[in-house]
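Visitor: Below you will find the structure I want to go over with you.
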Amino acid sequence: MPEDSTVSEGSYTLSWTAVDEHPATYTITHNGVTVKGGNWQSGVPVTYDTGFLSAGQHIFTITFYDENGNGTSHTVVLTVSSSATNTVLFFFE
């Protein structure tokens, strides 16, 4: 499971793995908005590519459901710091 982290602006891949005898579906939310969902298989990672994350706090939650409707969730908080260290290069001939 991914852990809470402070990261630089950019794109990231999150990966979660759950185990259940009767897996069914999952949903992933980003700041409360559903961004991905589908079926999952026990022991097989579910991944999510975040796309470019700008500065700020980004909260991702995955909820795995089994065939009986039971669910378990995991939340990871990515605190993105501004990449204010842009370098400008000048070349003179």
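The values are calculated or read from the model by the stated rules, or taken from the named source; none is laboratory data. Note that the coordinates shown come from a computational prediction; the quantities given were computed from them, not determined experimentally. FYI the Cβ positions are ideal-geometry reconstructions off the backbone, even for glycines, and counts take in every protein chain you see. To get the accessible areas, we keep the full protein, side chains included, count just its heavy atoms, and leave off ligands, DNA and RNA. Shrake-Rupley method; radii C 1.70, N 1.55, O 1.52, S 1.80 Å.
Visitor: Ordering Phe64, Phe52 by how much accessible area each has at a 1.4 Å probe, largest first, what is the list?
Guide: Phe52, Phe64
Visitor: If I take R0 = 35 Å and measure r between the Cβ atoms of Gln57 and Glu21 in this structure, what FRET efficiency does the formula 1/(1 + (r/R0)^6) give, to the nearest 0.05?
Guide: 0.45
Visitor: Sorted from largest down, give the three principal axis spans of the alpha carbons of the chain, whole angstrom values.
Guide: Principal extents (Cα only, largest first): 69, 23, 19 Å.
Visitor: For Tyr26, Tyr12, give the ranking by accessible area with the largest first, probe 1.4 Å.
Guide: Ranking Tyr26, Tyr12 by accessible area, largest first, yields Tyr12, Tyr26.
Visitor: Given R₀ = 41 Å, FRET efficiency for Asp4-Asn68 by Cβ-Cβ distance, to 0.05?
Guide: 0.85
Visitor: Give the Cα extents of segment 26-76 along the principal axes, in whole Å, largest first.
Guide: Answer, in whole Å and largest first: 38, 18, 14 Å.
Visitor: Pop the C-beta distance of Thr47 and Ser81 into the FRET formula with R0 = 35 Å and round what comes out to the nearest 0.05.
Guide: 0.90
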